[in-house]
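Worksheet: the structure to be examined is printed underneath.
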Amino acid sequence: MTPAASATFAQWSKFYSQLARQAGLKLGHNVQHEAIKERVLKRWPVLWLNQHGLMISDNETSWLRTIFRKHRKSFSYLEHIVVLESFLPEQWCIDEVFAEVAAMQVSHDSIFTALPLPSNVSTSVRSVYRRSWLEMVKQHSAKLARKNGGGAVYAWLYRHDRDWLITTNRQFKQSSVGHIERINWHTRDLSITRQLINIRKQRQLDIDAPRGSRSWYLSKIGQVSSVEKNLHKLPAASLFFKKYCESVTDYQIRRITLAASILKEQATLTHSWRILRKAGLSKERITALAKNHLNTLDASECRT
């Protein structure tokens, strides 16, 4: 049997982009990496991942982040399996994944390779390219014009009429910034903060809720990039994040407290090992402050 050709990097890139979008973890071009990390860690024990060389970090170069970006290298079969098992339904089949990736239709941006022209390019040729670019950049922004069929025109102007091109693009960029500034940031601040408060109320007594980091909250309202870039214009939302975002210690203490409360309601002894098991935490990973809190609860049980 003739072996099938391997899928391209572009096809794998599109597959993982689609996987994140289907899970609600990609909005526009923004991938919710923190939410992806939490999803994977919910499925795979950290100890097992570390033992197999799959340690997940918050670094930009972490394998889990790069697998959801444009692929520039191959990933190991274990890295693929860890992600696929975390996202796909039970009984998923690796052969079906390979077939789906191989069937991905990807567009390849055309690369303009103009022949060298004399330095004294005629005025008429330059005018044609300028007029063509102006028509496109008026309809789109400069960035979108390049992606919508203007790549060749842009490349020619960049090589032969760069000063005019940069000046023109700057003019249209300034006009678009002016449009953005018309947003009522006060109204948006109040709206976002109300959403954040409602999300916090819904998760407060949920022992299985992920750590309430800023990235997690933003992933829930679907405005990660917009909010993070404009936090200085959102004082109420900024105050919410400062007051209510959980550190790792806060997260562990919340789970320990809820676990102890649940065990008491069930008339079960709240010894530390029972609380840890109910909270889904391990003795090895617990922070010092969370451990002190746990010992306090355990001591109070002994007194009663």
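Both numbers refer to the Cα atoms of the chain; Rg and Dmax are 26.4, 94 Å. Assuming R0 = 41 Å, can you tell me the calculated FRET efficiency for the pair ARG43 and SER141, based on Cβ-Cβ distance, to the nearest 0.05? That pair, ARG43 with SER141, gives E of 0.55. Here the relative contact order of the chain, from alpha carbon pairs under 8 Å that lie six or more residues apart, stands at 14 percent.
A simple rule links phi to the HN-Hα coupling: the Karplus curve 6.51 cos²θ - 1.76 cosθ + 1.60 with θ = phi - 60°, which for the stretch 142-158 gives 4, 5, 6, 4, 5, 7, 10, x, x, x, 5, 5, 4, 4, 5, 5, 5 Hz, with x for Gly and Pro. With contributions of -39500 (n - 2.57) from each DSSP H run of at least four residues, the per-residue ellipticity at 222 nm computed over the chain stands at -19000 deg cm²/dmol.
Evaluated with a Cβ-only charge set (Lys, Arg +1; Asp, Glu -1), the chain carries a dipole of roughly 1000 debye about its Cα centre, given to the nearest 20.
In this Cβ point-charge picture (+1 for Lys and Arg, -1 for Asp and Glu), the stretch 9-102 has a dipole of about 380 debye about its Cα centre.
Would you mind calculating the gained length between ASN295 and ILE166 on full extension (0.36 nm times residue separation, minus the Cα-Cα distance), in nm to one decimal? Let's see the in-between values first.
Working: separation 129, 0.36 × 129 = 46.44 nm, distance 6.42 nm.
Extending this stretch completely gives an extra 40.0 nm.
Please name whichever of PHE241, HIS186, GLY222 sits farthest to the positive end of the charge dipole of the stretch 185-246, dipole taken about the Cα centre and charges placed at Cβ: Lys and Arg +1, Asp and Glu -1. Sorting the options by dipole projection puts first HIS186.
Mind running the shape call on the stretch 185-246? Use the C-alpha gyration tensor, a ≥ b ≥ c as the square roots of the eigenvalues: rounded below 1.5 for a/c, prolate if a/b tops b/c, oblate otherwise. Mind showing how you got there, number by number?
Numbers: a/c = 2.00, a/b = 1.76, b/c = 1.14.
Taking the square roots of the gyration eigenvalues as a ≥ b ≥ c, the stretch 185-246 is prolate.
Beyond 23 Å between alpha-carbons counts as too far, so tell me which of LYS73/LYS220; LYS243/LYS264; LYS42/LYS264; LYS220/LYS291; LYS42/LYS278 fall in that bin.
Values: LYS73/LYS220 31 Å; LYS243/LYS264 29 Å; LYS42/LYS264 26 Å; LYS220/LYS291 30 Å; LYS42/LYS278 15 Å.
Flagged as over cut-off: LYS73/LYS220; LYS243/LYS264; LYS42/LYS264; LYS220/LYS291.
Suppose a student asked you for the relative contact order of the stretch 185-246, using Cα pairs under 8 Å spaced at least 6 residues apart; what percent would you report? Don't skip to the end; give the middle numbers.
Working: 40 pairs, mean separation 31.9, N = 62.
The value is 52 percent.
Exposed loop sites were defined as GluC sites (Glu not before Pro) in DSSP loop states (anything but H, G, I, E or B) carrying at most 13 other C-beta atoms within 10 Å; in the chain the longest segment without such a site runs 182-283. In a reduced charge model with +1 at each Lys and Arg Cβ and -1 at each Asp and Glu Cβ, the stretch 123-180 shows a dipole moment near 100 debye about its Cα centre. Whole angstrom only: what separates the Cα centroid of the stretch 81-96 from the Cα centroid of the stretch 122-165? After rounding, the separation between the Cα centres reads 45 Å. The stretch between LYS233 and LYS70 holds 55.5 nm of extra length on full extension. This uses 0.36 nm per residue minus the Cα-Cα distance.
Throughout, read-outs are computed from the coordinates displayed, never taken from laboratory work. Nothing here was measured: the structure is a model prediction, and the numbers come from that model. Note: ideal-geometry Cβ built from the backbone for every residue, glycine included; neighbour counts use all protein chains shown.
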